[in-house]
Amino acid sequence: MLTILFDGIAYGMLLFILAVGLAVTLGLMNFINLAHGAFAMAGGYVTVIALQRFGLPFLACLPLAFAVSALLGAVLERTLYRPLYTKSHLDQVLFSIGLVFMAVAGVDYFMGSSQQNVQLPEWLSGRTEWGDGAFMLGMGHYRLFIIGICAVLTVVLQLILTRTRFGSRLRAAVDDPRVAAGLGINVNVVFLLTFAMGSGLAGLGGALGAEVLGLDPTFPLKNMIYFLIVVSVGGTSSITGPLLAALLLGIADVAGKYYIPKMGAFTVYVLMIMILLWRPQGLFTRQGGK
């Protein structure tokens, strides 16, 4: 039981890392980016290429995946996304889902359709067990590593968005871009940095999740629903909401597949429906937020 809980927490933490970038762009920029999973896939493939072809250590691949995905996000924000900020949400959805299919086809052409393997270092491949029987706790070292990374990211993001000048400028630019520009805030630069940060976080999540979730060209399509569930259940006005939602969904998914394997991920959808019936705006919604 404790092992299932631990695995569920680790899986939820991974979902949070993958989805928090979408929560940032959707909640703070009011932009629906369904191509978020494509940036996660980019981070995963950057990690695979760096490991297999260049022989870089795994820990060096993580910041590289973040940087490449952030750079890709910045370029696309400047060239493709920015004209859509003032368009309807339907236009944003159609555009971003089109990017997903283009990314899937491009990766399939250049990298092939086979599943990619990520070779973890030996110190992350082990497992530690405590106790016995129903109360035995088996902790995979890699899952423990994911939990630690997520905890650090949560604190850093919360501090950036609530305690820094950049966070204040971002909230001002979202609430009223014209007034923010009149006060000397470069709204375009703020949005560019925010989108790049969200894309970089997705890339980092893809790098961390390649070994757990698997990595192939259909990665954005297979995991898109989970990103959207985390954001819709947790809300988009804070970091705490998506974190709690990801933990709940991760534990429900792992426990459901263990105790009721024939139902698969059905328990996740049931939990999502119950929460949204109770709180349609998500678990955490800022008063007066968009």
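Throughout, read-outs are computed from the coordinates displayed, never taken from laboratory work. Remember, it's a predicted structure, so these values are computed and weren't measured experimentally. With ideal geometry, Cβ positions are generated from the backbone for all residues, glycine too; neighbour counts draw on all protein chains shown.
Based on Cα contacts under 8 Å between residues 6+ apart, the range 83-153 shows a relative contact order of 17 percent. Projected onto its three principal axes, the C-alpha set of the range 1-135 covers 57, 35, 25 Å, listed from the longest axis down.
Over the range 2-218, what is the relative contact order in percent, taking alpha-carbon pairs closer than 8 angstrom and at least six residues apart? Spell out each step's value before the answer.
Values: 298 pairs, mean separation 97.4, N = 217.
For the range 2-218, the relative contact order is 45 percent.
Note on the chain: with a GNM built from Cα contacts shorter than 10 Å, the maximum mean-square fluctuation among GLY200, GLY73, GLY112 falls on GLY112. Computed extension length for MET102-THR79: 6.7 nm, one decimal, from 0.36 nm per residue of separation with the Cα-Cα distance subtracted. Counting every pair of alpha carbons in the chain, the share spaced more than 32 Å apart comes to 24 percent.
The angle between the Cα long axis of helix 36-52 and the main principal axis of the chain comes to about 50°, on a 0 to 90 degree scale.
Debye sum, Cα scatterers, the range 146-290, no solvent: what log₁₀ I/I(0) at q = 0.11, 0.12 1/Å? Taking Cα atoms of the range 146-290 as identical point scatterers yields -0.52, -0.61. Centroid-to-centroid, using Cα positions, the range 158-214 and the range 113-152 are 30 Å apart.
Taking the number of Cβ atoms within 10 Å of each Cβ as an exposure proxy, the fewest-first ranking of MET197, MET111 is MET111, MET197. Rg and Dmax of the range 225-275, based on Cα coordinates, read 10.9, 36 Å. Build a GNM of the chain with springs between Cα atoms under 10 Å apart, and of ILE146, ILE229, ILE49 the one that fluctuates most is ILE49.
In the chain, the longest principal axis of the Cα atoms and the axis of helix 89-111 are about 50 degrees apart. Given +1 at the Cβ of Lys and Arg, -1 at the Cβ of Asp and Glu and no other charges, the dipole of the range 2-218 around its Cα centre is 780 debye to the nearest 20. 3J(HN,Hα) couplings calculated from phi for the range 151-159 with the Karplus curve 6.51 cos²θ - 1.76 cosθ + 1.60 (θ = phi - 60°) are, in sequence order, 4, 5, 4, 4, 5, 5, 5, 4, 5 Hz; Gly and Pro show x. Per-residue Karplus couplings for the range 219-231, computed as 6.51 cos²θ - 1.76 cosθ + 1.60 with θ equal to phi - 60°, are listed in order as 3, x, 6, 5, 9, 4, 5, 5, 4, 5, 5, 4, 6 Hz, Gly and Pro entered as x. Scanning residues 5 or more positions from LEU215 or on other chains, those with amide H under 5 Å from its amide H are GLN116, with H placed 1.01 Å from N in the peptide plane. Taking the C-alpha atoms only, the angle from helix 58-76 to the longest principal axis of the chain is near 30 degrees. One quarter of the surface of the convex hull around the alpha-carbon atoms of the range 174-227 equals 5.0 nm², the direction-averaged projected area. Per-residue 3J(HN,Hα) values for the range 178-186, derived from phi via the Karplus relation 6.51 cos²θ - 1.76 cosθ + 1.60 with θ = phi - 60°, read 5, 5, 4, 5, x, 8, x, 8, 7 Hz in sequence order (x marks Gly and Pro).
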